[in-house]
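Report on the following structure.
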Amino acid sequence: MAATAHELASKKIFLSGSSTSSESLADLLITFTQGTSDALIDVQWRQKRQLNRAQASTLRADHRKSFTESIEVHARELLRQPLSTVLEELAATWGVAWADVARMVGVSVPALRKWRTSGGAAADNMRRLAELTAFFRLLKEVGVEEPASWISIPCVSGYTVTPRHLYKPGSAAALIDLATASISPEEVLNELHPSWKTDFATDFEVVVAEDGAPAIVAKNLGNG
Amino acid sequence: MADRLEPLLSPEELFDYRQCSEGGVPFWLPYSQGDVFEQVVMPGIENDEPGLAMLFMHPCTMREGARLREAVTAVRVTFNDSRVLPKPGTWANRNKLMPLPDLFGNGESTYVADFMLLGTVQSASLDRARRVSQLSAEGRLILQQRLIFHLTRHAPSVDVLQEASHSLELELQAQTDWMEEANKRGLIGSSEDVDEQEVVFDEYMSAPMDSTGSEAEARPESRRTLLAHPREAPMVVRDVQRKIKTL
């Protein structure tokens, strides 16, 4: 009697190995299970899912790499410019608040003001500012209309975490993945800030009150 | 939701400007919640002796147009310890105050803003030239959280506070950029000049957004109103930056 799909799965015959060996195994299984269409279909589906997962993983890594390379190209170009020009781009082109730049790069606002006027930033700070500016450029390139707004939008309802919180050296490509909807917010949060559910949970939200000013209210109660 | 107070920041993160820091506290800096001044008389407190006081009123309400209101609320700032006490544990369960470690930037002491010593002062007594410190944006959020906790025993998340006050923070930064550029261009030589530039800035922010010299569409709303909308705020930031170049 031919094996059932469940029996085949429990033996995990086709859950390992390269795609080539999986294909060979599938051929064998087709022979074994001739006449048992459920089992055959199950084998084929599992095999396709395995292959797709492997391919998706490769594509994701390649895609991320391309984002990282794009940021690096922009950053190299920005590092050839005076720092005041880079800071000017952040403020006058992208409309980013100094406090957000300071938080994302890990420096103080007065330091940014000083560097904008008279330079003098250390090489690592210049590098981080160039990478941040490159990040904004790439956000625009991938279709984010207003990158400075996007970084302040909560990733998931019920949590205060925004892309601004997640940005750090090395995380830019993952955030571009998020911006392009190539990855879910939960996936990127698990990757970049695994304790996000405890660190950023909130029962409150900011709404526009009747007087037109922002107000903090409990969620689900609204402002009505 | 935060269920407890945020850990206190290091002095370097808590303050943007202090007297002893490089460049001191520029006298053209816009007034901001948490600014500490010296030689302030607080009626009914400490026998009306002049001392340190923190500008306390919420940034939404401290101004009337471009100017500070004639009377504003302030909190007495007192000496606490001869050491700098930035460690978070130091301040556990001490909820009636805002710690100000290394207020003077000389590494020698800790002061506190005492929420129990709250009063109204003439804004004229908050002399720009006698400003001792200005908190950072994060420092102001810590102050707001501690104040709310003191009054209600509820500690809202600083992220929620940040979202609620974001447009005010953006305007404060834009105004600081404006004043800094005006100072650089020699437009500010006195306190009166600062007042004058603040009026010009206020008028600019109160005016509808026009499309002159910018890629932005003309809008009937004022720049200040647009700044409160997250999607429009960057457009206003860009617009102000362009305007600053023409001062």
Counting only helical runs of four or more DSSP H residues, what would the 222 nm mean residue ellipticity of chain B come to if each run contributes -39,500 (n - 2.57) and the total is spread over all its residues?
-10000 deg cm²/dmol
Between helix B:233-244 and chain B, what is the angle of the helix's C-alpha long axis to the longest principal axis, kept within 0 to 90° and rounded to the nearest 10?
80 degrees
Could you calculate the FRET efficiency of B:Arg94 with A:Glu88 from 1/(1 + (r/R0)^6), where r is the beta carbon distance between them and R0 is 41 Å, rounded to 0.05?
0.40
Would you mind calculating the relative contact order of chain B from Cα pairs under 8 angstrom and at least 6 residues apart, reporting the percent as a whole number?
22 percent
Restrict the search to the range A:141-224; then list the GluC sites (Glu not before Pro) that DSSP places in a loop and that have at most 12 other Cβ atoms within 10 Å of their Cβ.
A:Glu145, A:Glu210
Quick check on my link table: of A:Lys168/B:Lys243; A:Lys114/B:Lys184; A:Lys140/A:Lys197; A:Lys197/A:Lys219, which ones sit more than 20 Å apart, alpha carbon to alpha carbon?
A:Lys168/B:Lys243; A:Lys140/A:Lys197
Checking the range B:45-150 for trypsin sites (Lys or Arg not before Pro) in a loop per DSSP with at most 16 other beta-carbon atoms within 10 Å yields B:Arg69, B:Arg83, B:Arg94, B:Lys96
To the nearest 20 Debye, how big is the dipole of the range B:152-215 about its Cα centre, given +1 on the beta carbon of each Lys and Arg and -1 on that of each Asp and Glu?
280 debye
Residue-wise, which Karplus ³J(HN,Hα) couplings in Hz belong to the range B:144-150, taking 6.51 cos²θ - 1.76 cosθ + 1.60, θ = phi - 60°, and x for glycine or proline?
4, 5, 5, 5, 4, 5, 4
When a/c is below 1.5 the answer is rounded, else prolate if a/b is larger than b/c, else oblate, so apply that to the range B:1-48 with a ≥ b ≥ c taken from the square roots of the Cα gyration tensor eigenvalues.
oblate
Quick query: amide H of B:Val84 versus all other amide H atoms, modeled in the peptide plane; which residues come in under 5 Å with a sequence gap of 5 or more or a different chain?
B:Ser109
Prolate/oblate/rounded label for the range B:11-156 (Cα gyration tensor, a/c 1.5)
rounded
From the residues B:Gly105, B:Cys60, B:Asn80, which one has its Cα farthest along the dipole of the range B:44-135 in the positive direction, the dipole being from +1 and -1 charges on Cβ of Lys/Arg and Asp/Glu about the Cα centre?
B:Cys60
Toy charge model, Lys and Arg Cβ at +1, Asp and Glu Cβ at -1: the range B:11-156 dipole around Cα centroid in debye, rounded to 20, equals 420 debye
With just the Cα atoms defining each centre, how far is the range A:176-224 from the range B:61-131? Give it in Å.
32 Å
Note down the relative contact order for the range A:144-224 as a percent, whole number, built from C-alpha pairs under 8 angstrom at least six residues apart.
22 percent
Rough spin-label spacing in nm, given labels placed 7 Å along Cα→Cβ, for B:Glu46 and B:Asn106
1.6 nm
Work out how much length A:Glu72 to A:Glu210 would gain on full extension: take 0.36 nm times their residue separation and subtract the Cα-Cα distance, in nm to one decimal.
45.0 nm
Checked the range B:130-247 against the a/c 1.5 cut and the a/b vs b/c comparison, axes a ≥ b ≥ c from its Cα gyration tensor; verdict oblate
Report the one residue of A:Tyr167, A:Ile183, A:Thr202 whose Cα lies farthest in the direction of the positive end of the charge dipole of the range A:153-224 (charges on C-beta: Lys and Arg +1, Asp and Glu -1; origin at the Cα centre).
A:Tyr167
Roughly how big is the protein assembly as shown's charge dipole about its Cα centre, with Cβ charges of +1 (Lys, Arg) and -1 (Asp, Glu), in debye to the nearest 20?
1160 debye
Give me the percent relative contact order of the range B:134-235, please, defined on Cα pairs under 8 angstrom at least 6 residues apart.
18 percent
For the range B:38-137, state which GluC sites (Glu not before Pro) are in a DSSP loop and have at most 16 other beta carbons lying within 10 Å of their beta carbon.
B:Glu70, B:Glu108
Built amide H within the under 5 Å cut-off of A:Phe204, gap 5+:
A:Lys219
Rounded to a whole number, the Stokes-Einstein D of the protein assembly as shown in µm²/s (Kirkwood radius over Cα pairs; 20 °C; 1.002 mPa s) is 85 µm²/s
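Each reported figure results from applying straightforward, stated rules to the coordinates on display, with no laboratory input. Nothing here was measured: the structure is a model prediction, and the numbers come from that model. Positions of Cβ are generated from backbone atoms using ideal geometry, with glycine treated the same way; all protein chains shown enter the neighbour counts.
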